[in-house]
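Asker: My questions all concern the structure below.
Derivation of every value follows stated rules applied to the coordinates shown; laboratory data play no part. This one's a predicted model, so the numbers in the text were calculated from it and none came from an experiment. Positions of Cβ are backbone-derived with ideal geometry, glycine not excepted, and every protein chain shown enters the neighbour counts.
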């Protein structure tokens, strides 16, 4: 049992790395188990995980919104240029 506990226990440093990896690329089954085990016992890492997910989601939403706005502005500009070119002919 001690060997299992030692294998499953992560330091907080390693847990935070897994939190970021989970957000970016996903985790293996073993990594998921280790992180779940650690965050179940460590409120600091559990809070870190919640905040990291929130920050990631908020930034992603803002980036997506900015990209959509840029696309809209570029589309309007393109239309305006094409109309001016047609008038010059």
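Asker: If each DSSP helix of 4+ residues adds -39,500 (n - 2.57) and the sum is divided by the residues in the chain, what number results at 222 nm, nearest 500 deg cm²/dmol?
Answerer: Details: 4 runs with 79 residues, N = 89.
It lands at -30500 deg cm²/dmol.
Asker: Between residue 17 and residue 78, what FRET efficiency comes out of the Förster formula 1/(1 + (r/R0)^6) with R0 = 41 Å and r the beta carbon distance, rounded to 0.05?
Answerer: 0.40
Asker: With axes computed from alpha carbons, what is the tilt in degrees of helix 12-24 against the longest principal axis of the chain, rounded to the nearest 10 within 0 to 90?
Answerer: 30
Asker: How much of the calculated P(r) for segment 2-88 lies past 23 Å, in percent of all Cα pairs?
Answerer: The share of Cα pairs beyond 23 Å in segment 2-88 comes to 48 percent.
Asker: Turning to a different aspect of this structure: Out of 73, 53, 19, any idea which swings most in a Gaussian network model of the chain, alpha carbons joined below 10 Å?
Answerer: In the Gaussian network model the winner is 73.
Asker: Would you mind getting me the FRET efficiency between residue 85 and residue 62? Use the beta-carbon distance for r and R0 = 30 Å, nearest 0.05.
Answerer: On the way: r = 35 Å, r/R0 = 1.15.
Result of the calculation: an efficiency of 0.30.
Asker: Can you put 31, 83, 20 in order of Cβ neighbours within 10 angstrom, beginning with the fewest?
Answerer: Details: 31 16, 83 10, 20 13.
Listing 31, 83, 20 from fewest to most nearby Cβ atoms yields 83, 20, 31.
Asker: In nm, what is the difference between 0.36 nm times the number of residues separating residue 36 and residue 52 and their Cα-Cα distance?
Answerer: Numbers: separation 16, 0.36 × 16 = 5.76 nm, distance 1.53 nm.
Taking residue 36 through residue 52 to full extension adds about 4.2 nm, to one decimal.
Asker: With a cut-off of 8 Å between alpha carbons and a minimum separation of six or more residues, what is the relative contact order of the chain in percent? Intermediate results must be reported in sequence, preceding the final value.
Answerer: Numbers: 31 pairs, mean separation 22.8, N = 89.
Relative contact order, the chain: 26 percent.
Asker: Taking the chain as a Gaussian network, Cα atoms linked when under 10 Å apart, which of 76, 68, 49 shows the biggest mean-square fluctuation?
Answerer: Taking springs between Cα atoms under 10 Å, the residue moving most is 76.
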